[in-house]
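Just so it is clear, none of the values below were taken in a lab; they were calculated from the coordinates. Bear in mind the structure is a predicted one, so any value in this text is a computation, not a measurement. Cβ coordinates were reconstructed from backbone atoms using ideal geometry, including for glycine residues, and neighbour counts include every protein chain displayed.
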Amino acid sequence: MTQETRSFERVNKIIEKYEGKRSALIAILQEVQEEYRYLPEEILTYVATAMDISPATVYGVATFYAQFSLAPKGKYVIKICDGTACHVRGSSVLQEALEKKLGFSKDKTTTDDLLFTLEMVSCLGACGLAPVMMVNDQVYGQVTAQMVDEIIDEIIKKEGVAL
């Protein structure tokens, strides 16, 4: 088995699960992204070849839907709601706290160790809890800058890493 074959083995299993059906392209890309935490360019090309679809079509689907990312994401994706209710109640303070703690900036939204990614989103659908922050699937309401520090410290402790 060649190195390339081994590196695409997981992708092959996902494609086989959907019997390589073109109608399953979005589901396939969702599972591939779940596996890699983003959609590497070489994987998109491989999916296109394996499914006999043009690379442009696969790339078009991957770039059309906001759920897909072509850049590596951290193990912990932090989403800060910046909808009206959250914005008015201080979501920018949460963003600033994360920028200070993890070194995020306008141009840098993922930590070098790929542990954290910051995403500002339009709405998380929990306006009554504003300001709201999500870490992966965990929702935190009425978040303060101090809570941001505590949440991040807890994750760092759990992961056994140092800042």
Given the C-alpha centroids of the stretch 1-62 and the stretch 99-136, what is the distance between them in whole angstrom?
28 Å
Shape call for the stretch 52-163 from the C-alpha gyration tensor, a ≥ b ≥ c root eigenvalues: rounded (a/c under 1.5), prolate (a/b greater than b/c) or oblate?
oblate
Tell me the relative contact order for the chain as a rounded percent, counting alpha carbon contacts under 8 Å between residues six or more apart.
19 percent
Using only DSSP helix segments of four residues or longer, with each worth -39500 (n - 2.57), what per-residue ellipticity at 222 nm results for the chain after dividing by its residue count and rounding to 500?
-14000 deg cm²/dmol
Starting from the Cα-Cα distance between N12 and E42, subtract it from 0.36 nm times their residue separation and give me the gain in nm to one decimal.
9.4 nm
Give me the net charge for the shell around A56: Cβ to Cβ below 15 angstrom, other residues only, Lys and Arg +1, Asp and Glu -1.
-1
Rounded to the nearest 5, what % of the DSSP beta bridges within the stretch 76-159 are antiparallel ones?
55 percent
Env charge @ L114, Cβ radius under 12 Å, K,R +1 / D,E -1, value 0
Expressed as cubic angstrom per residue, what is the convex hull volume of the alpha carbon set of the stretch 3-64?
74 Å³
Bridge orientation stat for the chain from DSSP, antiparallel percent rounded to 5, came to 55 percent
